Amino acid sequence: MNISLKIIGLSFVLILTASAGRAQELRCNVNINTSKIQGTNKSVFTTLQSSLVELMNGTKWTNNAFAEQERIDCSFFITLTEQAGSSRYSGSLQVQARRPVYGTSYQTVTLNFMDEDFVIEYIEFDRIDFDLKTFTSNLSSIMAFYAYLILGIDYDSFALKGGNENFEKAQLVVNNAQKENYPGWNPYESSTRRNRYWIINNIIDAKYASERSAYYKYHRLGMDLMSEQPAAAREQIVVALKDIQKIFREKPDPYLLYLRMFFDAKSDELANIFVEAPQTERTEVHKILTEVDNNNSKKYDKIQKGTNLRF
């Protein structure tokens, strides 16, 4: 391993084990679209947005200490489409998270997921409380689940299976919410296995262990090395893609949600990474990507042509 990467890794460990009292973990932006909700005092949504920002950025989600510049950038795009009664709303939630790439100003997307089971109850000025030990509200449970998911994926990108503790907390949130009458928390609700239950089920399933190691190789041994040793970095990313190809071929389940989530975050980036690689490498990567992520094959055709996409 490159010596500078060893130093980064040591610094990361020191950051996470330093004494508490510095910044919280997330730097979260929340946007709420209510254009399809008619006849409601819109100030309730302004209050809701402010309360969610406070929940996400003000909660101490882990026992680790983060410096301000180390907080994880993430965005929650809420679209409310229906209102039932005075306080029940439904719609969707798009969650995105990013992490910096060492030696550059570039941020790589680590999570990009659309949750179609966003059902909440909220009255203006209600407190939005979260307790990991029990269910307090569906709204706080959804937000907390994605907070732990973001943290787990981010930690996995810095250390092999580094996200274990956060994924365990996300699973606990799911377990606490399953007995409540809200969608997204149970295995039988989704015909495509695309909900919160199946996200965390895939991640902690030993059958997907090589994808978790792929997250580490891709980011820590690949992207973080890109500015200094691009050829070696691309080599590690190819190794990560082969780990994911193995899962695709073994098909631990027919829907492969966790695998799909990887490419929802990485397809554009992958198309750009390899456009300037040697022809043999471009051919190998194109073959892997069009096999495991055929939905984005047009993007990957740019690799063969050596044509750059815009990030």
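Numbers below:
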{"quantity": "Yes/no for Ala170 being of a type in the set (A, V, I, L, M), surrounded by fewer than 16 Cβ atoms within 10 Å (Cβ to Cβ) and either more than 18 Å from Ala147 (Cβ to Cβ) or modelled with pLDDT of 95 or more (or both)", "calculated": "no"}
{"quantity": "Breaking point among (1) more than 19 Å from His219 (Cβ to Cβ); (2) outside any loop (DSSP other than H, G, I, E, B), for Gly184", "calculated": "(2)"}
{"quantity": "Criterion (touching a residue at least 40 places away in the same chain (Cβ under 8 Å), part of a helix (DSSP H, G or I) and among the aliphatic types (A, V, I, L, M)) met by exactly one of Leu149, Leu160", "calculated": "Leu149"}
{"quantity": "Qualifying residues in region 279-310 (those that are closer than 18 Å to Met223 by Cα and more than 23 Å from the chain's Cα centre (by Cα)) - the one surrounded by the most Cβ atoms within 10 Å (Cβ to Cβ)", "calculated": "Ile303"}
{"quantity": "Restricting region 64-90 to residues that are over 23 Å from Phe45 (Cα atoms) and in contact with an Asp or Glu (Cβ under 6 Å, 6 or more places away or on another chain), the residue that is surrounded by the most Cβ atoms within 10 Å (Cβ to Cβ)", "calculated": "Ile72"}
{"quantity": "Residue among Lys251, Lys246 that is more than 21 Å from the chain's Cα centre (by Cα) and within 22 Å of Gly163 (Cα to Cα)", "calculated": "Lys246"}
{"quantity": "Residue that is surrounded by the most Cβ atoms within 10 Å (Cβ to Cβ), among those in region 91-124 that are part of a strand (DSSP E or B), touching a residue at least 24 places away in the same chain (Cβ under 8 Å) and of a type in the set (A, V, I, L, M)", "calculated": "Ala97"}
{"quantity": "Region 187-221 - residue that is outside any helix (DSSP H, G or I) and among the basic types (Lys, Arg) and, of those, farthest from Phe118 (Cα to Cα)", "calculated": "Arg193"}
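Okay, residues lined up against (1) assigned to a helix (DSSP H, G or I); (2) within 20 Å of Thr108 (Cβ to Cβ); (3) touching a Gly at 6+ places or on another chain (Cβ under 6 Å):
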{"position": "Val239", "(1), (2), (3)": "yes, yes, no"}
{"position": "Lys246", "(1), (2), (3)": "yes, no, no"}
{"position": "Tyr255", "(1), (2), (3)": "no, no, no"}
{"position": "Phe263", "(1), (2), (3)": "yes, yes, no"}
{"position": "Asn272", "(1), (2), (3)": "yes, yes, no"}
{"position": "Arg282", "(1), (2), (3)": "yes, no, no"}
{"position": "Val285", "(1), (2), (3)": "yes, yes, no"}
{"position": "Asn296", "(1), (2), (3)": "yes, yes, no"}
{"position": "Ile303", "(1), (2), (3)": "yes, yes, no"}
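The values are calculated or read from the model by the stated rules, or taken from the named source; none is laboratory data. Just so you know, these numbers come straight off a predicted model, no measurement behind them. Heads up, the Cβs are rebuilt from the backbone with ideal geometry, glycines too, and the neighbour counts pull from every protein chain shown.
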